[in-house]
Every structure is written in C-alpha cells, then in structure tokens.
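Shown next, in structure tokens, is the structure this report addresses.
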Amino acid sequence: MASGLRRHNKLPSKMQNPEFKQKFDVMVESAEKILVTTHEKPDPDAIGCVLAVREYLVSNFSGKEVQVTISGAKTKAWDFLSMAKHIVWVEDVFAELEKFDLAIFLDASQLSRFTPNEPPEKLDIKSICIDHHSNEPDNFDLIFLDSTAVSASELVYEALFQDSEELSKEVAEIIMTGIIGDSGSFRFVGPRNVRVLSTARELVERAQLEIKPVVLNTIKIDRQQFELMQILVKNIYFVEAANGIPAFVYSYFPKEVLNSGVEMQLIKLTKNSFLFDYIGKVTGYDWGFVANPQSETVWGISFRSGPGGPNVKLLTNKLNGGGHIFAAGGEIEVDSGLGAEAVCEKVISVIREGVEIMTQ
C-alpha cells in the first residue's frame, strides 16, 4: 500500500497522524491544477467530503485551480448546500484527469467506484485518497484509510480541519451533513466508532452549529420523492424468520420507473430515505432490502440492518458490493424480461445461501 496511515483498532479523540496532513499539504503545494472527486451516485457523505476538501484547498492554497468533478448527471438533490454549485458533473471523471496535476479521491478507495466505465489499471497522475470503508484499496500515492470512522467526512475533518484555528459554520454544516448521512443520524454509532460523537460535539461548539436543521436538510424529500416513497410503501413485503434467517422486510421499484422520466439519483435518494424511515422500524423485522432497476438487466440492491439484525456487508460481498455492517449494497444482473418480484426472489435466494456468512 502507498504511504500514509491505515488504522482499524485505535480510537483516538483527535487524529494522531500529523504526517498525513503534512504530506497532503506538500502534494497540494506542488500541484497547480487539482481535481477533487468522489464515487458515482454520491450520498451525503460523499458530497460533504468533496465540498469540505475544496473549501480547505481554496482557503489555504491561493493560486491553485481546484475543481470538484463527479461522474454522473447533475441533480437538484444537493441544492440545499450553497457550495454544491461548484460541482462539475461529467460522464466519466477519468476522462478529465489529463487536465490536472493531482487528483483527490474521497469516500471510496477502489477506482471502479468512481466511474460507470472500466477504470484504469493504474493512475497516471499523483493521487490522494481518504476513505472509511474496509475494502482493500487500490494504489494511491498517499492514503488515509480508517474503517473505524463512521464517515469519510469525519476523516476529512480530522485530517484537515481539527487543528485549524478557524472553522466556518458553512464548512461545519457540510461536514456534519456527511456525518449525519452515513451515521443514520447517529443510529449506527457503537463502541467501535464512538469517537464520531466527539467530532460532532466539536463541530457544534466550534461553529455554534445547530444539528436539527442539518438533519432535516439531509433527510428532507420533495413532492416527487414523496410520490416515489408511496410506491415503496405500497410494495412492502414481510418475510418471517426461517432456517436461521432473521425475519426481514423488503420493497422495490417496478421496472417501469426506468421510463418514467425520474432522475436515477432521485430514485436512489428516495430509496435511502425509505431505508432510513422504514427498515428496522417494525418490531421483529430488524433488517431488510430495497431493489431498484438501474437498467433493463441490472438491479441495485440496498440493505439496512441494525442491532439484532445480520451483518449485511458480508452478504453484499455475494452481490459484487460492499459497505458497512449495518448499511451495504450491491447489484444483481438478470435477464431483461425479469420483473421486480422475480428479482426480489433472486435476492432472497442469495440471502438463504448466505445465511451462515451474514449471521456470523
């Protein structure tokens, strides 16, 4: 692995790796044009990361050209963040790299996560990565990987802002947006990642931040999303416990949603809201999944779990996916003629086959 720090067990209240920031700053100083990016179909943590890093760069390194670029189509989902206007949406971020001297990859450490196409085998550009997922990372020139962090936004704060003299309220809100998103409004916090509570306290105290507006903005949905949510509520099914599999709940978007004119990003955001609001809320059904069509043959499968539920990250390894113990996702490829109900049955078959893995 490239130079940097990889931690898995230590739980410091402050970042104990000043070497990373020093190396980060040196690499930035030696570059003129810097690209900041995150994974496809970004969630609140991904958006929080890129915007916070951009702010750090433009505030501390004058004369640098800094561009936030993400693979995918522009969406209005992030309009509540004023800094989101700086995001440039492109078909494939890797097609843009030749314009820059340095690329900073955030909230993922596998190049395949950043592009809808085949990623390059190696980067022909200096690179930095900050990530909190436990997947084996690709090669970067500098990497900060800590799977005990709830979110990558938390790591960005620790690495770049924690020891700074000033922290604007706008930056604190961006970082808190990422933390709120990946912690499930702190529902996914446990002994392993408890230091995020210290980080949240620091953000609140340093920037005189109110958490409630951040939470509401992060989970708020518009009328179109509400109508999409109704589809998922209508399609809820409950599966009783059997053969070692804990009882669970699932829902799906029908394939017709592909031709409805609704943005795919909006579908994903609605799916995430549904997972947050409904999965694990019904007594006795502590986990579940949602399926949504991504094309005629590929379906996205998102799982949520919690105390009493299984380790869904282990389960999604069987679906070419990954994530966290309580929140993970993957994909399943099927024949083009297959409908949503049949896709869900295939997912349930994967669950039955993976019962020993996901409950260990």
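Where a number appears in this text, it was derived from the coordinates with a stated rule and is not lab data. These numbers were taken from a predicted model, which means no experiment stands behind them. Note that each Cβ is placed from the backbone with ideal geometry, even for glycine, and that neighbours are counted across all protein chains shown.
Residue ranges 215-227, 314-326 sort as 314-326, 215-227 when ordered by packing (mean number of other C-beta atoms within 10 Å per residue, highest first).
Backbone amide hydrogens, once placed in the peptide plane, bring residue 147 within less than 5 Å of 7, excluding anything fewer than 5 places away on its chain. Against the chain, whose longest principal axis comes from its Cα atoms, helix 223-234 is set at around 40 degrees. Calculated translational diffusion coefficient of the range 131-209 (20 °C, 1.002 mPa s; Stokes-Einstein with Kirkwood radius over alpha-carbon pairs) equals 165 µm²/s. Note on residue 117 and residue 283: their simple-model spin labels are 5.5 nm apart, each label 7 Å out from Cα toward Cβ. The helix-only estimate of mean residue ellipticity at 222 nm for the chain, built from DSSP H runs of length n ≥ 4 each weighted as -39500 (n - 2.57), is -10000 deg cm²/dmol after division by the residue total.
If you take every DSSP beta bridge whose two residues both sit in the chain, what share of them, in percent to the nearest 5, is antiparallel?
Beta bridges within the chain, antiparallel portion: roughly 40 percent.
Figure legend: label point modelled 7 angstrom from the Cα of residue 147 along Cα→Cβ; residues of the range 183-206 with amide N under 17 Å from it are 190-194. Extension gain for residue 217 to residue 336 (0.36 nm times residue separation, less C-alpha to C-alpha distance): 39.2 nm. Ordering 37, 148, 177, 297 by the number of other Cβ atoms within 10 Å of each residue's own Cβ, fewest first, gives 297, 148, 177, 37. Potential lengthening of the chain between residue 197 and residue 227 amounts to 7.4 nm, from the contour at 0.36 nm per residue minus the alpha-carbon distance. Given their separation in residues at 0.36 nm each and the Cα-Cα distance between them, residue 139 and residue 295 gain 53.1 nm when the chain is fully extended. Computed from the Cβ-Cβ distance with R0 of 22 Å, the FRET efficiency linking residue 62 to residue 166 stands at 0.85.
Calculation over all alpha carbon pairs of the range 223-358 in 10 angstrom steps from 0 returns a P(r) of 13, 48, 34, 6, 0 percent.
Taking other C-beta atoms within 10 Å as the exposure proxy, 45, 107 rank 45, 107 from fewest upward. Centre-to-centre, using Cα atoms only, the range 288-320 and the range 74-108 are separated by 26 Å. Residues 129, 344, 49, ranked from the fewest to the most other C-beta atoms within 10 Å, line up as 344, 129, 49.
Extending 7 Å from the Cα toward the beta-carbon at both residue 76 and residue 186 defines two label points whose distance is 3.3 nm.
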